[in-house]
Structures are given as structure tokens and as C-alpha cells.
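Student: I'd like to ask some things about the structure below.
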Amino acid sequence: MTSSTHWTTVCKQTDLVLDSGICALVNEIQVALFCLPSQDAVFAIANTDPFSQANVLSRGLVGSLGEDLVVASPVYKQHFCLRSGRCFEDESQSISSWPARIENGNVEILI
Amino acid sequence: MSKTKLVVAGNGMVGHQFLQSIADSGQLEQFEITVFCEETRLAYDRVHLSAYFSGSSAEDLAMGDAEMYRNWGLNVLTGEKVSAIDRDNKSVTTDKGTELAYDKLVLATGSFPFVPPVPGHDRQQCLVYRTIDDLDAIAAVAEKSKVGVVVGGGLLGLEAAKALTDLGLETHVVEFAPRLMAVQLDDGGGAMLRHKIEELGVKVHTEKNTQLIDDGENHFHKMNFADGEVLETDLILFSAGIRPRDELARQCDLETGERGGIVINNQCQTSDPDIYAIGECALWNKQIFGLVAPGNQMAKVAVTHLIEGSGSFTGADMSTKLKLMGVDVASIGDAHGRTPGSRNYTFIDEQTEVYKKLVVSEDNKLLLGAILVGDAEEYGTLLQYMLNGIHLPEFPDSLILPNRGDDQQTGLGVAALPETAQVCSCHDVTKGDVRAAIDGGCCTIGDVKGATKAATGCGGCAALVTDLVNHELEELGIEVNRDICEHFPHTRQDLYNLIRVEGIRSFSELLAKHGQGHGCEICRPAVGNILASCWNDYILTESNVSLQDTNDTFMANMQKDGTYSIVPRVPGGEITPDKLIALGQVAKKYNLYTKITGGQRVDLFGARLEQLPPIWQELIDSGFETGHAYGKSLRTVKSCVGSTWCRFGVDDSAGLAIELEDRYKGLRAPHKIKFAVSGCTRECAEAQSKDIGVIATENGWNLYVCGNGGMKPRHGDLFATDLDKDTLIRYIDCILMFYIKTADRLQRTSVWMDNLEGGLDYLQQVIINDSLSLNDELAEQMKQVIESYQCEWKTTLQSPEALKRFRHFVNSETSDDNIVFVEERQQIRPARLDEKAELIAQPIKMVS
Ligand SMILES: Cc1cc2nc3c(=O)[nH]c(=O)nc-3n(C[C@H](O)[C@H](O)[C@H](O)COP(=O)(O)OP(=O)(O)OC[C@H]3O[C@@H](n4cnc5c(N)ncnc54)[C@H](O)[C@@H]3O)c2cc1C
């Protein structure tokens, strides 16, 4: 992350799909956004699945592994932490994550 | 204290076990050990030698390991053979001139294959089957050969014959005796084995005495037999028995047997108490043991005797079970009935080619021996009866007669075995050892195998060990955890019943009442699937959306590059020219890769997410419906053209296939379901490889159930015959609903039925005799699913809310620039990474 990060509006809150993901394009970067109403929170991680190189993580299933909130890649099913991007099966394949929030009905991420 | 100088001649299987046992005893310190190993390789698993021809490498077979031996402090010399023993000076000399003193000497020199001294036996391309080097030589000769002959129809000869057929040779077995495996089998068993082996293409010649081998006319050798017949071949493999390697013993005047073998006492000492002999070179009680298990026992005895001065070898059971060319063969104890007064029970089934014989004591109480050919399932049970002297049931023949379902299970319960019963002879594991392993914390078969080595040798005891472990776990009240995942303390079946009974219609409701956490990629789709089986609501209603994996969410099959494939339903594989043209036009317009599937449909690949709705709009306008290729649900009902067109057809298979596909389309189940209907017994639709298979007969329809293709193909079982259509459909309704009610998650029908206690019989009871009084309920549930069918794509196209998700970016109309195709055979395919790098002008930003 560079020092010139700032909160960027990505889409409307109503664009989010509850307990599931969507993908947004932010500064040419594909970002997967997940909305978990039970946590009252939005999460942003990279959309590219490092194992298949396909841009599909937003289409994975969300859930929890112990205390961690995760998405499972729809291609080969590895788990990524929604908060940190950490890959549970292979740490060296962990992905980027960005802080995300909802402000005035808009979804913003710090990027 | 000075160390004992220990010299070991031979590093074969038993020589290795000897070293292993010293290491296990923790007494390596006591000794200064030197091992001479004639072969250039350290010990390897000779029992599985043939695996070398089916993909195992020398490393895979290795048992000894240079590094491990070094850590044990051994001095191991490979490619060096002990050539003489000087007992007076207590030293050995090797073929390389090394001279070495010993305090104790161990001979583990094994045996060599006996080659009959027929003139010509030493010609080129005459080989034996004992070492890895032998196998390399065989492979080299086989490459330029067409025909191979194995001399000797015993256990090893037949194994060698299998190897020759695998190497692609026309294979003959030439046996001196009147039958195969003369040592282990009687005439009846030998005849059955011969018949089965000949069916596999091996030519068997018995009562043949080879007198001369010389040049052939069409092949390298000509074998001339005593009866005047000849046989030409390119390769000859001698497997006419083994002879102990006792040459060292004879050279230094140790006592040897008349017909070879180094005589040992119960402590495995030879006639010189400082020299031990173990394994195949040793003669105990006038017996040579040509199996590894007794050899290993000798090794352990020798080690305890060396260290503690105690321990004794008391003989070993020579029962064997093996698979020869795919045929199960077993021989137990006194197979030939040599015990005075013994009596036989024999069962012969020429239909399925099974031969079984029991040899029992005069009073009918004890099992003395047995022979099994074609089906050796009872081996474990019979062996335990014999070894432990357990009293036979009132009618001993019930142990080998086929179980026709109506009588009680006759097998010996594992509970009846004494603690000392040996369950694995290869590794000498007793029932007590298995129990100790479980007490020590082992909770699965895998754990027990790891801890005791049981069932890791020849594998003959695998079924018995599994039974025993399960029984012991049950006794301890340990239940195998079958919860679906960490979020629900329930099995899939429990969840199904909870959802049905409590009328639960959403994941959040189920999670709140019966679960915890957020769910995961296991329970979410499983629950989504159960909800669909029960209520058949639209799968993308707001509460269902987050349960579907990507295939169900977008109603298409995701491919490796993130694009999707589309399969519209084509019931029974019947399609009008107009619809076929429409499919072609859509594929052409969207430039989709097009392939015909095994289920008689057309699969269109390479659609981007945002293209799915417009493509489906065109398909629906042309009269297509969704095909559920993405769901755990009914896929296709494959059919042949049937009596309408076919000269041989007996009934209208295509018509029935279409009716069945329309009836069950959209039905979601624990796994995908495939059907097929054939119009006659020629079975062109391959119905017997499907979950539900129907074949027309003169009198109606035969129903087959629980077959499948795929990774582990299984033929369907005949469930009922000559059914009229209404009964057929009623049975299928009930079978499918019973499957949905009782199967595990992602369990195909075949595995499901195999796991039902009572299998096919039980399923027939439930469905045909309504033994659970469940059928009306099952049929009613099926009726509800059928009546609530909707084409999911049609519903989706009418819902602007649902369509919102069919775009790659929520905030941009552009599509994913990482999807790139190249052309191959006039169609698109996904570009590989290296191709992509070249094709994409601007480097894509991929953040991961
Ligand atoms: C194809 C095949 C299949 C088999 N299948 C089975 C089976 O299913 N079940 C079963 O129980 N058994 C089976 N056996 C038999 C089993 O392999 C033997 O019982 C076992 O290998 C005996 O071990 P051993 O150490 O006594 O002899 P070996 O394994 O033969 O080892 C003896 C070693 O000593 C070396 N040696 C000999 N003389 C000297 C010397 N003077 N100095 C130094 N080294 C010397 C030899 O080169 C050899 O490497 C099979 C054998 C073969 C060939």
C-alpha cells in the first residue's frame, strides 16, 4: 500500500448482496466486496484467486472457520480470510485486503 | 564393556527385519554390526516385487535405507558377498577379499530359484523371477519377444505369468504336476483356478515334462516335452520352486538338511551356537518356510535370544490368501485333509466359478483346513476358526454356502475372538495389540494401521481389522463424528428431518435454531440443497442466494478461467432440427466452444458472466429450458431410439426417457442423478451404468438401480423385473425420495445403497414391500416437487433484482480483461498464461 491511500467510494450500499459477494473495479484493481449483516460489516479483498489466476473470489461462498470470517474460492475451494486476505491452506498465497466501510449509503474502501 | 562383533550375511527382507528388531529393542549400543549384502541394493520388499512392473520404482519398494542404517551405526557393504566362514578362528571372508572376525554370525541368505537341469536351461533368454535385476532382464527380453513361457504353475509361477501378460506377451504356463498350485490346492480347486486363468488368456499345460530346450523355428526357443509335444517361445521363466542358499553352511560343515536348508533349533541357532540362520535359508523341524512372516518371526526370536538369552520359534502357519491374475485364491491349514479321520465339505458353483472346501475334524467340531477359489471373502473368518480352535457352528457348511439373505449372518463375530488371536500374520498383530492401540488413543482404522502395521502387508486381513476396530470403538462408546461441519452438530439426514418436520424454510432459521457461527461452503450449499428437495422454492430468492455456490447462483458451470458453460435441457436426447439450428446460432453469435456431452446434450463453453442472461433469453425464446447441469440434481435421461425405429427395439425407450426426464427435472438430491432407458437388452443407452436404469423387456420394464460411471464405475443392481409403467414410476418416485431422505451429503446412490444395512435386499423391502410404511409419504413428497417445478432461468429473466448480479463489475460496464481466448480446431479455448502475456497489449493489473 502506498502512502497516498484514501477512502474511495466504490458503489452503493444497496448494490451489496447480503452474506455474499460482488466485484468492483477501483483504480484498475479488481476488488471483491462482501457484506455480512450479522457483523454489520463490509469487507474488501482482492478478486483474483491466486490458485487459478481467475478473477472470481467475489463469487465464492462466505462463512466462518472457527473465529475467522472467510470466503472459499469457487474454483479449488481454498479459504481466504475476509479481514486480512490470509490464505488458510497456504500462507504464501495470501492476498491483499483493504479496510472498507459504509458512509451515507455508499460503500468506501481505503485504497 | 567391549561390544559384541556381529556379522550379518544377507540383507533381504528377513535380514532387514533382524536389524530393525535390534533397533526396536534399543540395544544397538551393545553391538558392532557389519552387514554384507550381495545385491547392489539394500533390502527391498520382495513380496511386492511384481509391483515393479506396474509402476512402483525400486525406491518405492526399498525397505533398507542407507541413511537410517548409518544412524543405527551399522557398517553395510553392498555388492559384497560372504564367500567362506572359518569357524575355528571365528571369521568370514568375502568375494572381495575382506576378512572380518565375528563373535556372533547371522545367516540370512534367503533362497534361489530352482532351475531344473534340462539341457538348454542355460541358454540366453532363460530367466528367473527373484530380484529387481531379474525383472530388469525380463523387461529387456520381453521387449523383443512375442511369446513367453513360465515353467512352474505354483504361486510364484502364476505371479510371473501375470507379469508376462502385463508385458504384452502371449503367455503359457507349463506345469509338471497334474494341476496348478499343487501345494496349496486340491484337484477341484486347481481345476477351477485353471479355468479362470485360461479365460484371462493364459494357456496352461499340465503334466508336461520338459526334456530339452533348443533353437526354435519361429521363435527363439523350442521346448521339447517327454510326450513328444513341442512349444516354441521367445522367453522362458523358470519358477519351479526355491532352494535354500545353504552353500556357506556346507562349506564350513554346519548341519544341513537332506534336501537343503541350514538346520536350526528353536532359538534359530545352527549346529554352531554362535551362528544363527533365519528366513528362507533356515530349516526348522525339517521345514523350510517360503513366506516372509515366519522369517520375520525367526528374526525377532534371534534378536531376543542374542540380547536376553530367551525366546523361541515354534513354527508358523502357512495359510495364504492372494489374488492371482485377479482371481481370489486362499489355502488354510490342512487343505489336503491329511489329518486322520478328517472330513470335507465342498461347494462348487460353476455359474460364478467358485470353489470352496472345508476340512473338519472327525467330530465335526474343529476346522482343520480350507481351500477357496474365486471368492475368498471368508478367509479371515475361517483362519480364525482354525488358528484358535473355535468350535464350529452346528452346520459348518453354512460357513461357505452363499448367504441368500434369509438366514442369519454366519460369519464369526470379532467379539468371539480370543485376545491372543492373530489378526494380521504379516506383522504378527493380535486382537490384543489392536485393542491396546485403541486404548492408546487410536480412533480410526488409519490410526490403528499406523500404530500396529496391521493390514499393511499382504492386505488379506483388511476386512477383519476394519470390523475389529469398529467393534472395539463401539464397545468403548466412541462414535465416529458424522456431523456435517463445525456449524451444525447434526448429520445431513438429521438436518433433512429437522427441516421437514419443523417446516424450516431458510438457512438463517435453521442456523438460529440448530447451529452456530456463519456457516461455510459445506453446510450452506448442503442446506440450500435440502431446502430445494423439500420445498422447491426458487433457488435465488433473497434468503437462498447466499447458500448457492457459484454454479447454482449463476445457473451455469464455472470453468477454470472464470467463464461459464451452458447446457440446455434436451429430454431423452431428442431434438428437432429447428432447435438444433437455434443452438448453433446462439453458439455462433456468442462465439462459444461447442461440444456434445455424454448425456446426449450440447454444452456451450466460454460465456462471460454478463452474457448469460442474453444467451438464455434467446434459448428460452427458441423453446429451451434450463438443464440443471450445474446442480446436484437430475441431469439427463439418456436413451436409444427404441422400437419406433430400431429393428430390434422391444418398447418405446425414447418416449419413456422423455416422460421420465420431464417428471424429475429440477429435482435436487444429495448428488447428481443420471438415468437411462434402453429399448432392448442390447442396452445401447448404457442404463446399467446409471443411478436409475430402465431396460425394455417383452413383458414390461426391468429396473436397475444405483449404478454409476466416473471415478469408480459400478454396475446397477437389478431391482425389479417386467414392471408396467405406473409401477415403474411409483418405484422410482419412492427410491429417489428415500435416497434424498437418508443419504449423506455428496453421496452417490451406489455408495448410499452399499451403506444401507442390508443393501439391495433392504431397499427392495422398503420400496416393494413397503416395510417401513413410508411409500405413500415418499410419493406425496415427490408429487409436491414435481408440481412446483419452474425453469429457473425463465424466472430469473423476469426478475430485475436477480439479474443485477450478472455483471462482472458492480460499478463498471467493462468486462473482465483477464478472460482471453485463442483458436484451436476452429473453436475458442482459454489462453494459457504464457499466451495471455503475449496477447494482452496492456499488462493487466492482477492484485493478489
Ligand atoms: C515374486 C515373489 C513374490 C512373493 N510373494 C510373497 C507373498 O505374497 N507372501 C510371502 O509371505 N512371501 C512372498 N514371497 C517370498 C518372500 O519374498 C521371501 O519369503 C522373503 O523375501 C525371504 O526373506 P529372506 O531375507 O530370507 O530372503 P531374501 O529376501 O531372498 O534375501 C536374501 C538376501 O541375501 C543375499 N545373500 C545370499 N547369500 C549371501 C551371502 N553369502 N553374502 C551376502 N549376501 C547374501 C541375497 O542376495 C539376498 O539379497 C515372494 C517372493 C517372490 C520372489
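Student: Can you tell me which residue in the stretch B:257-284 is farthest from the ligand (Cβ to nearest atom), limited to those that are open to solvent by 40 Å² or more (accessible area, probe 1.4 Å) and farther than 22 Å from B:Leu6 by Cα?
Tutor: Out of the qualifying residues, it is B:Glu258.
Student: Being within 24 Å of B:Gln267 (Cβ to Cβ), touching a residue at least 12 places away in the same chain (Cβ under 8 Å) and within 11 Å of the ligand (Cβ to nearest atom) narrows it down to one of B:Ala84, B:Ala108, B:Ala101, so name that one.
Tutor: After ruling out the rest, the residue left standing is B:Ala108.
Student: Which residues, counting only those in the stretch B:68-79, are within 26 Å of B:Asp24 (Cα to Cα), in contact (Cβ under 8 Å) with a residue 40 or more places away in the chain and either surrounded by 14 or more Cβ atoms within 10 Å (Cβ to Cβ) or within 10 Å of the ligand (Cβ to nearest atom) (or both)?
Tutor: Hits for the stretch B:68-79 are B:Tyr69, B:Trp72, B:Leu74, B:Val76, B:Leu77, B:Thr78.
Student: What is the one condition in (1) more than 10 Å from the ligand (Cβ to nearest atom); (2) assigned to a helix (DSSP H, G or I); (3) at pLDDT below 90 that B:His305 does not satisfy?
Tutor: All conditions pass for B:His305, except number (3).
Student: Restricting attention to the stretch B:788-822, report how many residues are within 11 Å of chain A (Cβ to nearest Cβ) and part of a strand (DSSP E or B).
Tutor: Residues that pass the stated criteria total 2.
Student: Can you work out which of the residues in the stretch B:544-563 that are surrounded by fewer than 23 Cβ atoms within 10 Å (Cβ to Cβ) and more than 9 Å from chain A (Cβ to nearest Cβ) is nearest to B:Glu509 (Cα to Cα)?
Tutor: Residue satisfying both the conditions and the ranking: B:Asn544.
Student: Would it be correct to say that B:Ser83 is outside any helix (DSSP H, G or I), at pLDDT below 95 and not hydrophobic (A, V, I, L, M, F, W, C)?
Tutor: Against the criterion (outside any helix (DSSP H, G or I), at pLDDT below 95 and not hydrophobic (A, V, I, L, M, F, W, C)), B:Ser83 does not qualify.
Student: What do you reckon, is B:Val785 within 14 Å of chain A (Cβ to nearest Cβ), among the aliphatic types (A, V, I, L, M) and crowded, with 16+ Cβ neighbours inside 10 Å?
Tutor: Taking the combined requirement at face value, the residue does not satisfy it.
Student: If you don't mind, there's one more thing I want to ask. Within the stretch B:526-538, is there a residue that is within 14 Å of another protein chain (Cβ to nearest Cβ) and of a type outside the set (Gly, Ala, Ser)?
Tutor: yes
Student: Could you list all residues from the stretch A:12-25 that are buried (at least 17 other Cβ atoms within 10 Å of the Cβ), on the phi < 0 side of the Ramachandran plot and at the interface with chain B (Cβ under 8 Å from one of its Cβ atoms)?
Tutor: Selection gives A:Asp15, A:Val17, A:Ser20, A:Ile22, A:Cys23, A:Ala24, A:Leu25.
Student: For B:Met298, are the conditions met, namely being surrounded by 20 or more Cβ atoms within 10 Å (Cβ to Cβ) and under 30 Å from B:Val106 (Cβ atoms)?
Tutor: When the stated conditions are applied, B:Met298 passes them.
Student: Further question: If only one of B:Gly631, B:Gly666 is buried (at least 16 other Cβ atoms within 10 Å of the Cβ) and out of contact with any Phe, Trp or Tyr (no Cβ under 9 Å at 6 or more places or on another chain), which one is it?
Tutor: The conditions single out B:Gly631.
Student: Name the strands (runs of 3 or more DSSP E) wholly within the stretch B:669-762 that hold at least 1 residues that are open to solvent by 40 Å² or more (accessible area, probe 1.4 Å)?
Tutor: B:673-678, B:717-723
Student: Go through the residues of the stretch A:88-111 one by one and say whether even a single one is open to solvent by 60 Å² or more (accessible area, probe 1.4 Å), closer than 29 Å to B:Tyr564 by Cα and within 7 Å of chain B (Cβ to nearest Cβ).
Tutor: no
Student: Hey, can you tell me all the residues within the stretch B:26-49 that are open to solvent by 30 Å² or more (accessible area, probe 1.4 Å) and within 13 Å of the ligand (Cβ to nearest atom)?
Tutor: Those that are open to solvent by 30 Å² or more (accessible area, probe 1.4 Å) and within 13 Å of the ligand (Cβ to nearest atom): B:Glu38, B:Glu39, B:Thr40, B:Arg41, B:Leu42, B:Asp45, B:Arg46, B:Val47, B:His48.
Student: Shifting gears a bit: More than 14 Å from the ligand (Cβ to nearest atom) and without any contact (Cβ under 8 Å) to a residue 12 or more places away in the chain, is that true of B:Asp134?
Tutor: no
Student: Continuing with the same structure: Among (1) open to solvent by 50 Å² or more (accessible area, probe 1.4 Å); (2) modelled with pLDDT of 95 or more; (3) in contact with a helix residue (DSSP H, G or I) (Cβ under 9 Å, 6 or more places away or on another chain), there is one condition B:Asp103 misses while meeting the rest; what is its number?
Tutor: It fails just one condition, (3).
Student: Only one residue in B:Gly190, B:Gly152 is crowded, with 18+ Cβ neighbours inside 10 Å, closer than 30 Å to B:Leu358 by Cα, away from chain A (no Cβ under 14 Å) and within 14 Å of the ligand (Cβ to nearest atom), so which one is that?
Tutor: On inspection, the qualifying residue turns out to be B:Gly152.
Student: I'd like the residue in the stretch B:823-848 that is modelled with pLDDT under 65 and open to solvent by less than 60 Å² (accessible area, probe 1.4 Å) and, out of all such residues, is nearest to the other protein chains (Cβ to nearest Cβ).
Tutor: Top of the filtered list is B:Val847.
Student: Anything in the stretch B:155-176 that is open to solvent by less than 60 Å² (accessible area, probe 1.4 Å) and assigned to a strand (DSSP E or B)? List them, or say none.
Tutor: Answer for the stretch B:155-176, where residues must be open to solvent by less than 60 Å² (accessible area, probe 1.4 Å) and assigned to a strand (DSSP E or B): B:Thr171, B:His172, B:Val173, B:Val174.
Student: Residue check: is B:Asp60 of a type in the set (D, E, K, R) and within 16 Å of the ligand (Cβ to nearest atom)?
Tutor: Answer is yes for this residue.
Student: From the list A:Phe34, A:Phe43, which one is more than 9 Å from chain B (Cβ to nearest Cβ), on the phi < 0 side of the Ramachandran plot, open to solvent by less than 10 Å² (accessible area, probe 1.4 Å) and modelled with pLDDT of 95 or more?
Tutor: Being more than 9 Å from chain B (Cβ to nearest Cβ), on the phi < 0 side of the Ramachandran plot, open to solvent by less than 10 Å² (accessible area, probe 1.4 Å) and modelled with pLDDT of 95 or more holds for just one of A:Phe34, A:Phe43, which is A:Phe34.
Student: Next up: Output yes when any residue across the stretch B:5-15 is modelled with pLDDT under 95 and either in contact with a helix residue (DSSP H, G or I) (Cβ under 6 Å, 6 or more places away or on another chain) or more than 15 Å from the ligand (Cβ to nearest atom) (or both), and no when none is.
Tutor: Checking the stretch B:5-15: not a single residue is modelled with pLDDT under 95 and either in contact with a helix residue (DSSP H, G or I) (Cβ under 6 Å, 6 or more places away or on another chain) or more than 15 Å from the ligand (Cβ to nearest atom) (or both).
Student: Let me ask another. Can you pull out the residues in the stretch B:111-120 that are more than 12 Å from the ligand (Cβ to nearest atom), under 39 Å from the mean Cα position of the chain (by Cα) and surrounded by 15 or more Cβ atoms within 10 Å (Cβ to Cβ)?
Tutor: Across the stretch B:111-120, the qualifying residues are B:Phe114, B:Val115.
Student: Here's another thing I want to ask about it. How many residues are within 22 Å of B:Gly627 (Cβ to Cβ) and of a type in the set (Lys, Arg) when one looks only at the stretch B:778-828?
Tutor: 2
Student: Okay, next question. In the list B:Glu39, B:Glu29, which residue meets the criterion of being in a loop (DSSP other than H, G, I, E, B) and charged (D, E, K, R)?
Tutor: None of the others qualify; the one that does is B:Glu39.
Student: For the structure I just gave you, tell me whether B:Gln20 is over 20 Å from B:Ala249 (Cα atoms), open to solvent by 10 Å² or more (accessible area, probe 1.4 Å) and within 16 Å of the ligand (Cβ to nearest atom).
Tutor: The answer is yes for B:Gln20.
Student: Condition first: open to solvent by 60 Å² or more (accessible area, probe 1.4 Å) and among the β-branched types (Val, Ile, Thr). Now tell me which residues in the stretch B:569-602 satisfy that.
Tutor: Within the stretch B:569-602, B:Thr576, B:Ile581, B:Ile596 qualify.
The values are calculated or read from the model by the stated rules, or taken from the named source; none is laboratory data. Predicted model only: the values in this text are computed from it and were never measured. Reconstructed Cβ throughout: ideal geometry from the backbone, glycine too, with neighbour counts over all protein chains shown. To get the accessible areas, we keep the full protein, side chains included, count just its heavy atoms, and leave off ligands, DNA and RNA. Shrake-Rupley method; radii C 1.70, N 1.55, O 1.52, S 1.80 Å.
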